[in-house]
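The block underneath contains the structure these notes are about, expressed in structure tokens.
The values are calculated or read from the model by the stated rules, or taken from the named source; none is laboratory data. Keep in mind that what you see is a predicted model, and the values were worked out from it rather than measured. A quick note on method: Cβ atoms are made from the backbone with ideal geometry, for glycine too, and the neighbour counts reach across all protein chains shown.
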Amino acid sequence: MSAIYVMWLRQLKRFFRSPARIVGSLGQPILFFVAFGYGLGRVFQQAGAGNYMEFLAPGIMAMSVIFAAVFSGMDLIWDRQFGFLKETLVAPVGRANIMLGRILGGATTALFQGLLVLALAIVLGFRPQDWLLLPAAAGAALLVAVLFAAFGMLIGTLIRDMQGFPLVMNFVIMPIFFLSGALFPLSSVPAGLRAVAIADPLTYGMDAVRMLLTGISEFNLALDIGVTIALSLVFLLLSARAFGRMQV
């Protein structure tokens, strides 16, 4: 447990020691809020779909969480290239503990960024349906963060090129985000696109966060949480297997 805590704490220190990284994490969400929230808000309302900012805010929060969580896997490549990972692996602790600590650290920093985006949304006019459900929404967002931090760790163990990691992640993560229903309601899309969204691993976590914040949902909350937990366990196991076989 001490190894997990040490790696978790190291990931947090790496993030909080960089104010520019914290401020920079708000740049893309602000752009999405302005371009979509204000740009398409009136169109969304005229279509009879309600307040678009209310619909959009949970989606932008989830976007911030998954991007931060996945890109925490790039820290693994950085540590491998500069020798820190080798020093860590020679310690008398299991690789699984090291991996789990890194994933939990990446998920925690991703959750923090998501909460910053939620605070920004509240400043811009978003209001949760029930303030008492904010901790539950944060818990659902944390599950999403663990899922995608484990996914990022898996990719980080398979790729040695630091420059190639962002390219692969953008190729994979951008479609996952856009097809999850974060920006548009899945009830109004063609059947083929909805089928793709149902297979999207982010869809269920995204739906859980939105339901807890706004009461709007496509699926049952228990299904959302169950699928997200199951996928998190799958990617944790895959990451542990890959990390255990990784050559440094």
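Descriptive notes on the structure:
- Test: residue in segment 128-135 that is in a helix (DSSP H, G or I) and farther than 21 Å from MET206 by Cα: no
- Matching entry among VAL146, VAL172 (being within 17 Å of the chain's Cα centre (by Cα) and surrounded by 15 or more Cβ atoms within 10 Å (Cβ to Cβ)): VAL146
- Hits in segment 121-173 - residues which are of a type in the set (S, T, N, Q) and farther than 26 Å from LEU221 by Cα: THR157, GLN163, ASN170
- Selection status of SER180, outside any helix (DSSP H, G or I), polar (S, T, N, Q) and surrounded by 18 or more Cβ atoms within 10 Å (Cβ to Cβ): yes
- For the condition of a type outside the set (Asp, Glu) and surrounded by 13 or more Cβ atoms within 10 Å (Cβ to Cβ), LEU167 does not qualify.
- Condition broken by GLY156, with the remaining ones in (1) modelled with pLDDT under 90; (2) surrounded by fewer than 23 Cβ atoms within 10 Å (Cβ to Cβ); (3) not polar (S, T, N, Q) satisfied: (2)
- Those residues of segment 52-75 which are in contact with a Phe, Trp or Tyr (Cβ under 8 Å, 6 or more places away or on another chain) and closer than 20 Å to SER188 by Cα, in sequence order: TYR52, MET53, GLU54, PHE55, LEU56, ALA57, ILE60
- Test: residue in segment 162-173 that is in contact (Cβ under 8 Å) with a residue 40 or more places away in the chain, closer than 25 Å to LEU115 by Cβ and assigned to a loop (DSSP other than H, G, I, E, B): no
- For segment 189-236, filtering for residues that are of a type outside the set (Val, Ile, Thr), surrounded by fewer than 19 Cβ atoms within 10 Å (Cβ to Cβ) and in contact (Cβ under 8 Å) with a residue 60 or more places away in the chain leaves 1.
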